[in-house]
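The structure appears below as structure tokens.
The values are calculated or read from the model by the stated rules, or taken from the named source; none is laboratory data. The structure displayed is predicted, hence computed values, not measured ones. Cβ atoms come from the backbone with ideal geometry, glycine included; neighbour counts cover every protein chain shown.
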Amino acid sequence: MACLVPSNHQLPIKIMKHFLALLCCIFCPLTVLLAQSATLSGTVKDAVSGESLIGATVKIGEAMGAVTDIDGNYTWQLLMARIK
């Protein structure tokens, strides 16, 4: 006949399983929020003629840079955690 009341050594294991499940429920959504990204894009054009500039360098500070394509477009994928 099975015992319906858990023995002394089974109770801490059940509590630990519930605690680990609770931690997963708390921290898993946080990793999803921190892993989100944003796209920064634009077009570089000549101020006088209005033509797109091919191969122009676009920089943000010293660490990030991009080169425009044949239509003068550039794109960055940024992590939301790094945006201030």
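Out of the residues in segment 1-34 that are closer than 30 Å to Thr75 by Cα and not hydrophobic (A, V, I, L, M, F, W, C), which is modelled with the highest pLDDT? Give the derivation first.
Quick first cut of segment 1-34, residues closer than 30 Å to Thr75 by Cα only: 28-34.
When the remaining residues are screened for being not hydrophobic (A, V, I, L, M, F, W, C), the result is 29, 31.
Details: Pro29: 72, Thr31: 66.
Applying the filter and picking the extreme gives Pro29.
So for segment 50-59 (the condition being among the aliphatic types (A, V, I, L, M), surrounded by fewer than 10 Cβ atoms within 10 Å (Cβ to Cβ) and modelled with pLDDT of 70 or more), does at least one residue qualify? First the steps, then the outcome.
First, the residues of segment 50-59 that are among the aliphatic types (A, V, I, L, M): 53-54, 56, 58.
Narrowing further to those that are surrounded by fewer than 10 Cβ atoms within 10 Å (Cβ to Cβ): none.
Scanning segment 50-59, I find no residue that is among the aliphatic types (A, V, I, L, M), surrounded by fewer than 10 Cβ atoms within 10 Å (Cβ to Cβ) and modelled with pLDDT of 70 or more, so the answer is no.
Quick one: what pairs do we get from segment 19-43, first residue of a type in the set (Ser, Thr, Tyr), second modelled with pLDDT of 70 or more and exposed (fewer than 11 other Cβ atoms within 10 Å of the Cβ), C-beta under 7 Å, 6+ apart or different chains?
Pairs found: Ser37/Gln77; Thr39/Gln77.
Might you check whether a residue that is of a type in the set (Lys, Arg) and modelled with pLDDT under 80 occurs anywhere in segment 35-46?
Scanning segment 35-46 turns up no residue that is of a type in the set (Lys, Arg) and modelled with pLDDT under 80.
Anything in segment 35-71 that is in a loop (DSSP other than H, G, I, E, B) and under 23 Å from the mean Cα position of the chain (by Cα)? List them, or say none.
Listed by number, the residues that qualify are Ala35, Gln36, Gly61, Glu62, Ala63.
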